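Laboratory data are not the source of any read-out in this text; all were calculated from the coordinates shown. Small disclaimer: the values here were computed from a predicted structure and weren't measured. When we count neighbours, we look across all protein chains shown, and the Cβ atoms used for this are built from the backbone with ideal geometry, even at glycine.
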Amino acid sequence: MIQAVDRAVRILTALQGARRMSLGEIATELDLAPSTVHGIIRTLLQHGMVAQERDSGRYRLGPATLRLGNVYLHTLELRSRVISWSEDLAKRTGCAVRAGVLLLGEVVVVHHEPRPDGTRQMPEVGIVIPAHACALGKALVAYAHVEETLAAGLRSMTGDTITQPAALLAEIDEVKRTGLATEVEEAVIGECGVAAPLVDASGMVPGALSLVVPTSRWPLADSDIEALRDAARSISHELGAPSWPPIYSADSAASA
């Protein structure tokens, strides 16, 4: 067990239920030194997991915890819808299929359908990829959280990772124009992919669906791209989407 993580979770648990607590009260409940609690809370404050009231100085759960909860709830339905389509998509294209959601500037893979070629493949559910370095991330960031992604920094994963804001913005514009995002050895050398956004009943984009192939199979055939579009459109329809691909709005992106 990682002690710092354990203590952070215990602090968040103490604050659950809309409780407002002082530093001393938290320290007493967790049987920790106030200085120790203060250091952890400062980190949680920076990430929005904890908020401090200006008038009383007391602490409460921050807005980021609500976002985490929303991501979890969206993920449950999203994954259940994706599972019913991903096996057929993998068989039609011969590609691996991933579905992912955006969390704090990174993509979390919530479903993985291996390539149906019988080769040994590592399970990928739960892996985290920087949003700017993968097709899934670009398909998600194009419709919300662009500023957040840029502010987090565009770190290099391979020699082909996009690290310049202008280059990423150009790709995002292409996603909004075509409804598709691509990656060419930007997160993993030898791996390429294309992703399509998934739309829910509110018109928002809670997740994305992608085809992943070795570089030797890139670029993908038009029939594979069309199969991805069909699957993304069908899943979005099941999620109650009013249209697909999503209708981009500068106002909605700014408020997301």
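Structure notes:
- Of the peptides 88-99, 191-202, 224-235, 52-63, the ranking by mean beta-carbon count within 10 Å, highest at the top, reads 191-202, 88-99, 224-235, 52-63.
- Dividing the summed -39500 (n - 2.57) terms of all DSSP H runs of n ≥ 4 by the residue count of the chain sets its mean residue ellipticity at 222 nm at -14500 deg cm²/dmol.
- Using a cutoff of 8 angstrom between alpha carbon atoms and counting only pairs six or more residues apart, the relative contact order for the chain works out to 15 percent.
- Range of Cα positions in segment 3-61 per principal axis (Å), largest first: 30, 23, 21
- Counting only alpha carbon atoms, the long axis of helix 63-93 and the longest principal axis of the chain meet at about 20°.
- Helix 222-238 axis, angle to the chain major axis (alpha carbon atoms, nearest 10°): 50 degrees
- Given charges at Cβ of Lys, Arg, Asp, Glu: the chain dipole, positive-most of Thr75, Ala14, Ala221: Ala14
- The structure shown yields mean projected area of the Cα convex hull in nm², and of the options (1) 15.6; (2) 13.9; (3) 14.9 that calculated value carries the label (1).
- When Rg and Dmax are taken over the Cα atoms of segment 82-177, they come to 14.5, 41 Å.
- Point-charge dipole on Cβ atoms (K/R +1, D/E -1) for the chain, about Cα centre, debye to 20: 640 debye
- Candidates Ala139, Ala208, Ala14, ranked by Gaussian network fluctuation over the chain, Cα under 10 Å, top entry: Ala14
- Potential extension, Ala221-Leu23 segment - 0.36 nm per residue separation minus Cα distance: 65.4 nm
- Tensor-based shape of segment 71-131 (alpha-carbon gyration tensor, a/c under 1.5 rounded, otherwise prolate or oblate): oblate
- Around Ile172: net Lys/Arg minus Asp/Glu count, Cβ-Cβ under 15 Å: -4
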